[in-house]
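The values are calculated or read from the model by the stated rules, or taken from the named source; none is laboratory data. Since we're looking at a predicted model, the values are computed, not measured. Positions of Cβ are backbone-derived with ideal geometry, glycine not excepted, and every protein chain shown enters the neighbour counts.
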Amino acid sequence: MELFPAMPLAEWAEAKETFHRFTQIVGKIRLSVSNRRNHWWHVPFHLTGRGLTTRPMGGLGEQPLFSIDFDLVRHRLVVDVLDGRSAEFSLIGRSVASFHERLFETLAGLGIRPEIWAVPFDLSDDTPFAEDTLHARYDPVLINRYWRILSQVAQLLDRFAADFSGKISPVHHFWHTFDIAVTRYTGRAAPVSPETDPVTREAYSWEVISSGFWFGDEERPWPAFYSYTAPEPEGLEREPLRPEQAEWIAARGSHLAVLRYDDVRAMGDPVAAVLEFLDSAYQAGARLTGLDVHALACPGGVTDPHDAKA
């Protein structure tokens, strides 16, 4: 099986737009019934050996304790309840409206009645999910490929995360932006204007150096690994990156370090190339923010000084 198969955006744009909205519906349920965590860590999805999961949510007498999984091998949506009940339905052939209706019927049948703001978040339209019959292309081959790529990327990010002993997020998949990321925190509060929207204020209340992967969009129609530092220190875009194919690009008033997925696919050792890229971008942000890289290092996930010397 190819480590990083081709995934040009044009090939799966319709399937991506459909499935992205499926994930937003489930993600908004997760947002509404999960215990809140700092920086919105309770909101994203996590990878499983078969797809994506919300992990357990609800419970404590307010809702049944349950989880929702996208099984992207069998192409089913699965709801499991703590008491052993389970229900599922096929993802194939559904519009966003059909998916929304069937999911809430399924949840109600299990005694689960979450409330969500049932419109897309930060997408190209604001058609209510219950009325969206336009987005109706779930392609099982392409969605399975997306999940396989996501799974390999998650392992790469997890390996990169192991070298940092400070506060760090899980490796998680964001349903609003459809990227996967891991975020390192400097431990210092970041200046955030009260005029900034509350989602952004909570996400960036601390200084961060974030690393991840996105599948591309209309503005940048190519998948890529990325890294950014926020707040962005002066001169970040002039810092060196590795390998030579990596570059800084302007994005929403700041800069992203980018290594395109197709460049990685062409390299002799793509895993080493991505790890080199992520480390170079981290080192750039750390230098300019004054982060003590040595004090926070734990090569290979080891903090025990005796074990590290072995």
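Note on segment 39-55: among residues that are free of Cβ contacts under 8 Å to residues at least 40 places away in the same chain and under 15 Å from Gln155 (Cα atoms), the one that is surrounded by the fewest Cβ atoms within 10 Å (Cβ to Cβ) is Gly49. The single residue among Arg201, Arg188 that is basic (Lys, Arg), at pLDDT below 95 and assigned to a strand (DSSP E or B) turns out to be Arg188. Pairs are defined by a Cβ separation below 6 Å, a sequence spacing of at least 6 or placement on different chains, a first member in segment 100-114 that is in the same structural domain as Arg21 (by TED's automatic domain parsing) and free of Cβ contacts under 8 Å to residues at least 40 places away in the same chain, and a second member that is surrounded by 14 or more Cβ atoms within 10 Å (Cβ to Cβ) and not in a helix (DSSP H, G or I); the pairs so defined are Arg102/Phe89; Thr106/Val79; Thr106/Ala87.
Among the listed residues Val258, Val264, which satisfies the condition of being in contact (Cβ under 8 Å) with a residue 40 or more places away in the chain, buried (at least 16 other Cβ atoms within 10 Å of the Cβ), under 20 Å from the mean Cα position of the chain (by Cα) and in the same structural domain as Ala154 (by TED's automatic domain parsing)? The match here is Val264. Please determine whether any residue of segment 28-46 is in a strand (DSSP E or B), more than 22 Å from Ala136 (Cβ to Cβ) and among the small types (Gly, Ala, Ser). No, segment 28-46 has no match at all. The selection criterion, being assigned to a helix (DSSP H, G or I), surrounded by 14 or more Cβ atoms within 10 Å (Cβ to Cβ), in the same structural domain as Gly212 (by TED's automatic domain parsing) and in contact with a strand residue (DSSP E or B) (Cβ under 8 Å, 6 or more places away or on another chain), holds for Phe160.
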